[in-house]
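First comes the structure, then the notes that go with it.
The values are calculated or read from the model by the stated rules, or taken from the named source; none is laboratory data. For clarity, every value in this text was computed on a predicted model and none was experimentally measured. Glycine gets a Cβ as well: all are built from the backbone with ideal geometry, and neighbour counts include every protein chain shown.
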Amino acid sequence: MPIITRHLTIRMQGHSQIENISDSIRRCLSETSLQAGIITIFVKHTTASVMIFEDEPGLRADTKTLWDRLIPEDPAWQHNARNPGEDNGHSHLRGQLQRQSLTIPFADKQLPLGTWQEIGLIDFDTRARSREIVVQIMGE
């Protein structure tokens, strides 16, 4: 079974910014000869995550509000307190819950996402940075 790996770099602003990466993932799949299999999307950072979401402005705002309420910024987080200059303990905790990878099946060279489902990258960190994503496609 062939395994194809692609790499994406996406510039993010942090602070729970969400970027719709669905088209980039579809493009990775379309550039292969594979018809059916699975695609794994993995972000190489502990303060960012990938997710399935509905890309609608209200839900983008609600997602940020959810994370701000669930795991707020706090200088008392031990990561911040034990590491001078660090302020992103909450970013790491959010990443632990949201996770760094997704696996999606595909058939007929198409991702079978639901009507409103999109693939999102969410950046929890406290500053802008580039995020690296590994896309691995296995199939036939």
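Annotation note: Cβ proximity below 7 Å between a residue of the stretch 49-74 that is small (G, A, S) and a residue that is assigned to a strand (DSSP E or B) and surrounded by 16 or more Cβ atoms within 10 Å (Cβ to Cβ) (sequence gap 6+ or interchain) occurs for S49/V43; S49/I122.
Given G58, G85, G95, G114, which one is among the small types (G, A, S) and either in contact with a Lys or Arg (Cβ under 6 Å, 6 or more places away or on another chain) or buried (at least 16 other Cβ atoms within 10 Å of the Cβ) (or both)?
One residue alone meets the criteria, G95.
Here R69, R26, R11 are screened, and the one residue that is within 15 Å of P105 (Cα to Cα), out of contact with any His (no Cβ under 6 Å at 6 or more places or on another chain) and not β-branched (V, I, T) is R26. Look through the stretch 105-134, keep the residues that are of a type in the set (S, T, N, Q) and in a strand (DSSP E or B), and return whichever of them is nearest to M12 (Cα to Cα). This residue is S130. Kindly indicate whether I137 is in contact with a Cys (Cβ under 8 Å, 6 or more places away or on another chain), crowded, with 17+ Cβ neighbours inside 10 Å and not in a loop (DSSP other than H, G, I, E, B). The answer is yes for I137.
Considering the stretch 35-55, and only residues there that are among the β-branched types (V, I, T) and over 23 Å from Q96 (Cβ atoms), the residue that is surrounded by the most Cβ atoms within 10 Å (Cβ to Cβ) turns out to be I39.
The single residue among E31, E54 that is within 18 Å of the chain's Cα centre (by Cα) and at pLDDT 95 or above turns out to be E54. Taking residues in the stretch 76-94 that are closer than 15 Å to G14 by Cβ, and partners anywhere that are surrounded by fewer than 20 Cβ atoms within 10 Å (Cβ to Cβ) and polar (S, T, N, Q), the pairs with Cβ atoms closer than 6 Å and at least 6 places apart or on different chains are E86/N80; D87/N80; D87/T126; N88/T126; G89/N80; H92/T46.
Whether any residue in the stretch 114-122 is free of Cβ contacts under 8 Å to residues at least 24 places away in the same chain and within 22 Å of S22 (Cβ to Cβ) is what I want to check.
Looking through the stretch 114-122, at least one residue is free of Cβ contacts under 8 Å to residues at least 24 places away in the same chain and within 22 Å of S22 (Cβ to Cβ).
Across the stretch 16-43, the number of residues qualifying as in contact with a Lys or Arg (Cβ under 8 Å, 6 or more places away or on another chain) and under 28 Å from W67 (Cα atoms) comes to 3. Looking across the stretch 11-34 at every residue that is of a type in the set (A, V, I, L, M) and more than 17 Å from Q136 (Cβ to Cβ), the one that is surrounded by the fewest Cβ atoms within 10 Å (Cβ to Cβ) is identified as I18.
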